[in-house]
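Before any comments, here is the structure.
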Amino acid sequence: MNLMEYGRNALKVRQREIILINFPFSDLTGMKVRPALVVSSNRYNKNNLDAVVLAITSNLSPHAYKIPIEMHDLDNGSLPLKSAIRVDKPFSVLQSKVLKIQAKVTIAKLKEAKLLINELTDE
């Protein structure tokens, strides 16, 4: 199946969306549904099979590259648990594997994540 055929049948995610995906256990014995924040641009997402995302965790222990998500940080939707974005945990995911769009973060929250990514990658 080429990209054009695939695009007609797949959910195309948008930047700032919090999606739910199956995420493998570290020992690869199974999977668990986890949220992730889409950070790749809408242009990228439209023209590619995958999307670039950041892991979201319910572990709220302090960490230099973790950004808490509060209810006021969401333009729509909700998260069932208090959560945080892990900007040091980026990965790509096939858009066809997205189970659900759970919520959408504000532009300000995305900017905060991008600033921290820049800090992480600067010398």
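Residues that are in contact with a Leu (Cβ under 9 Å, 6 or more places away or on another chain) and among the aliphatic types (A, V, I, L, M) within the range 11-33 comprise Ile18, Ile19, Leu20, Ile21, Val33, listed in sequence order.
From the list Pro80, Pro68, which residue is out of contact with any Gly (no Cβ under 7 Å at 6 or more places or on another chain) and free of Cβ contacts under 8 Å to residues at least 12 places away in the same chain? If you could, list the steps in order and put the result at the bottom.
Values: Pro68 fails: free of Cβ contacts under 8 Å to residues at least 12 places away in the same chain.
Only one candidate qualifies: Pro80.
Collect the residues in the range 39-76 that are closer than 23 Å to Ser92 by Cβ and of a type in the set (S, T, N, Q), keeping them in residue-number order. The answer is Ser40, Ser41, Asn42, Asn45, Asn47, Asn48, Thr57, Ser58, Asn59. Of everything listed in (1) farther than 17 Å from Arg16 by Cα; (2) part of a strand (DSSP E or B), the single unmet condition for Ile85 is (1). Among the numbered conditions (1) under 14 Å from the mean Cα position of the chain (by Cα); (2) closer than 16 Å to Ser96 by Cα; (3) of a type outside the set (Ser, Thr, Tyr); (4) modelled with pLDDT of 95 or more, tell me where Phe23 comes up short. The failed condition is (4). Would you confirm whether any residue within the range 65-73 is more than 17 Å from Leu20 (Cβ to Cβ), in a strand (DSSP E or B) and acidic (Asp, Glu)? No, the range 65-73 has no match at all.
The values are calculated or read from the model by the stated rules, or taken from the named source; none is laboratory data. All figures in this text were calculated on a predicted structure; none of them were measured in a lab. All Cβ positions, even for glycine, are placed from backbone atoms using ideal geometry, and neighbour counts span all protein chains on display.
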